[in-house]
Structure formats: structure tokens, C-alpha cells
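Contents: one structure, followed by commentary.
The values are calculated or read from the model by the stated rules, or taken from the named source; none is laboratory data. Note that this is a predicted model, so its numbers are computed, not measured. Note: ideal-geometry Cβ built from the backbone for every residue, glycine included; neighbour counts use all protein chains shown. Only protein heavy atoms, including side chains, enter the accessible area calculation; ligands, DNA and RNA are left aside. Shrake-Rupley method; radii C 1.70, N 1.55, O 1.52, S 1.80 Å.
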Amino acid sequence: TAVFIVAIYRLMGLLAIVALLCYALISYAALVTMGATITLPGLAGFVLSVGMAVDANVLVYERAREERILARRPLLRAVVEGFRRAFSAIADSNVTTLISAGLLFFLASGPVRGFGVTLSIGVMVSFFSALVITRVLAQAVASSGFLARHPRVSGLDTLGAFRRRVTDWNPDVLQRAGRWLAVSLTLVAVAAAGLVVRGVQLGVEFTGGRSLELATEQPISADDAREAVASAGFPGAVVQQAGDADIAVRTEPIDDAEVEAIRAALADAAGGASVVSDELIGPSLGEELQRNALIALAAALAAQLAYLAFRFRWTFSTGAVASLATNVLVVLGVFAWLEKTLDGVFLAALLTIIGYSVNDSVVVFDRVREAWRTRYDEPFHRLAGEAVLQTLPRTVNTGASTLFVLLALLFLGGSSLGDFALALVLGIVVGTIGTVTVAVPATILLQRRWPPAPPAPPEKKPVRPRAGDRWDGAVV
């Protein structure tokens, strides 16, 4: 992530990385002060929020580039304007993520609740680091004589090759919004069909059962461990690797004799095995967690709808929430097709997707609202198309920097975080595409069906003559 940001934004990118290091230090200090226990989902939330913290810096720098190149402002003034113009989008994005993190804390339990805590701290500290630490550093450097002599080193003296190509695209790309929406919903239906064809495999957190972790004498693959557990009489058990020499087994409620049978089967296959963790989850608790999960998802969507309707217009919020709903359906459908288990950690990923993927819609709608105030008479689809093209470089840069973190979790985090990272990768990719193909087209169609009332013309203040003014030919 650091290499990518510095390559794109040069010296300003380096300052952003310094601010991110300060952000990581403050976040960790806050967790230590609270006496928080860092679980695997909590650690994932901490690492993920590092990638999310990049978003605010990218937003500011893209705005500063526009002020520097398009408005031809001096470098220091461009930096100041970049922070000012990006503030509303950064604030809205952080609030929407905090809504999901808060719901995780109040409606979830155990490790997922810890994920909500670390994500909340990460969001608040990233907001501080971007708007205070980065701003102080950027303005100090922008006012230096070095950048006055070498402006290109700043990284803000060019729009970037990608942005220059994007400006040549037709802003009427979303004129046929219905077609975009129809194609997107067809693909969503194909993905979501997995929920009907394959069904949903709920983890023991939601159904009740027994969760075991066993340490093996020799490393054993998940496939070999699965065969050993099946030979012990449990072909439906969920068997995964939980480390180089550990196996996690989740199954329906079983007694101690059956636990011993599973241990003995794995011991025969791996030269020895011992139980290091044994958790029993009753069916009543599983039903309660399942109910809370559904309530959390519904509450997250409703909260996003209400907040965005308050900040923008109900047509905007409806389009954004429609994109969120399709995003959730696609992730659930893909996991159903892959026959993966939906557990508490997956719930944390799903709620994170809801809080994070709405950021793209917020950034685009912020641009639309800004243009709409002064160009109300222009077709709405054209304003929306321009907003999508103007924010596309930010979307690509932010998505790439966050995916670096998630891909590291996916390939280096072990099986315990593999499904979590996979869900987030899917959610961020689908959510980014969904902003253009679902959120904005749906908003365009709603705007056409229920156009807003035209704004009232500004009141004309009476002109009062001043000494020395000419008034009807006479000098006052």
C-alpha cells in the first residue's frame, strides 16, 4: 500500500504514509488503553482499517489535483481547497462505516463484537489522521520553497494519465440507465440463485453444535483431515485448517465419546492429535445469534437509508441502499455456490461490506450534489455521468490500496481469515462496480419518475447607492 500511494502521489503520498503510521500507533494505543483483547477478527478489523484510512487521503489529493490543474491555483491554496472540498464526502463515508461498526457492537457478540470495536476506533482515528496530521504535514510542505522550485515532486502538479483519458469519455454514458440496471440485476440474480440451488450452510454459531480445534503431530491437509473425520462417522462436519498443524472441526451437537472418535481418526492420519479447544453451543443460543444477525443486517440497511436520505435526497439514498442490497446478495450467493459456511466472522465481513462499499456511492453523490446546485437545468443523467468519471481515479486508487491489504489477509492470514478476506474482496469489487451499474442508474430512474421541485430563485437585495456612485446619470 505504501509503495502504491507513493508511486501515485509522490511526496504527498509519502506524507500520507507517515500519517498512516501515526494512525496505526494511535489505534493500537487506544486498544491497549481500553484493555481490549485482540482476536483474529479484531486483528483483521485493525488491518482492514489501515486500508480504509487511505481513502480519505486519496479523496483529498484528487481534489487538490483538480484545484491545482483545472482551477490553476497555487500549490498551497490547492491543498487547502482539496481538504475543504473533500470534507463532506470523508465525513459521510466515516459515519456510514461507524453505523455498521456500532451495530456490530450492540447486536453481535464474542469475536465479532471485538471486530466492531477495532473498526470503530480505526474509523475515528483515520478521520483524525487524515484531516489533522496529513493536513498539517501537507500544508507545511506545500508552503516550502522546495516545492515552489520543484512543483512536480509534490504529486499534485498533474491529473494523472488515467484521469486525462477519463476526461475524453462521453458523460452521457448513463443516459440509458434502465439497461445498465437490467444487466446488473440479471447478473445479481444468477449469483443469488446459489441460495436456492445450493442453500445456505450456517455455522454452529447459528445452528448450535460443537466446535473443536485439534493440534496434530504432523501437518495434514484439509482434504485428508476431512476424509479422516468422515471415516469416524461425521461426513457432514465442516473441517478446515486452522494453522500449519491445527485442524478446526465444526459439527452438530455430539457427546464426548464422539469427540474422542474424531480425535482418534485425526491421530491415525497425522501421527497423533490432541484437542486444544472444545466449545459447545446450544441450539437456543444459535437461534438467538441467527436472529440478531438478521436484525443487524436489516438495521444496517435501514440506518444507511435514513442517514443518506437526510444528507442527500431520498432518491439518492434508495439507489445507494439498492446497490448495498445487491452487493449482499451477490456475496451470499457466491458463498452458497462455493458451499462455504456462514458463521460469525462472515457476519462481520458482511456488515463491513455494507459500511464500506457505500463509500463509493457517497463520493459520487457528493459530486452530483455539488454540480446540481449550479447546473440544475442540465439533464440529471449527464451530471451523474460526469460525477462517475470525475471520481473514477479515486475509486481505482482507493480500491487498489484496500485490496492490497485484503489480498494479504486472503493469502497470508491462514484459513481462519481466508473466508473473511474472500467475502470482503468480493464485496469491495462488486460494491465498486455496483455504484456505477446499480446505485447511480437507479437514482437516475427515480429522479425521472419523481423529479424534485426547482429551487427558489435567490432573493435580489435592493441596491443601495454609495458615495461616488453614478445613479441615473447623477453623481451621489
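Couple of notes before you dig in:
- Between GLN201 and ALA29, the FRET efficiency estimated from the beta carbon spacing at R0 = 35 angstrom works out to 0.30.
- Cβ-based net charge around LEU392, under 15 Å, with every Lys or Arg adding one and every Asp or Glu removing one: 0
- Cα-based values for segment 51-195, radius of gyration first and Dmax second, are 20.2, 61 Å.
- Förster radius 22 Å - calculated FRET efficiency between LEU21 and PHE146, Cβ distance, rounded to 0.05: 0.50
- Axial C-alpha extent at least 18 Å, average Kyte-Doolittle at least -1.0 - helices from the chain (DSSP): 2-34, 40-69, 75-107, 110-128, 177-197, 256-270, 283-311, 314-337, 344-372, 380-412, 415-434
- A dipole drawn for segment 251-371 from +1 and -1 charges on Cβ atoms has a positive end, and of ALA257, LEU338, ALA349 the residue lying farthest that way is ALA349.
- Hydrodynamic radius (Kirkwood) for the chain, which is based on Cα pairs only, to one decimal in Å: 24.6 Å
- Positive-end extreme of charge dipole, the chain - chosen from MET124, LEU301, THR134 (charges on Cβ): THR134
- Cα-centre dipole for the chain with unit charges at Cβ (Lys and Arg positive, Asp and Glu negative), debye to 20: 3780 debye
- Under a model in which nothing but the beta-carbon of Lys, Arg (+1) and Asp, Glu (-1) is charged, segment 1-149 shows a dipole of about 520 debye around its Cα centre.
- Computed in the context of the full set of protein chains, the accessible area of the chain at 1.4 Å probe radius has 62% of its extent on carbon or sulfur.
- Per residue accessible area of the chain, 1.4 Å probe, in Å²: 46 Å²
- Mean residue ellipticity at 222 nm, helices only, the chain: -24000 deg cm²/dmol; runs of at least 4 DSSP H residues each add -39,500 (n - 2.57), and the sum is divided by the number of residues.
- Around the Cα centre of segment 147-222, unit charges on the Cβ atoms of Lys, Arg, Asp and Glu (plus for the first two, minus for the last two) sum to a dipole of about 540 debye.
- Solvent accessible area, Å² - TYR307, 1.4 Å probe, full protein context: 50 Å²
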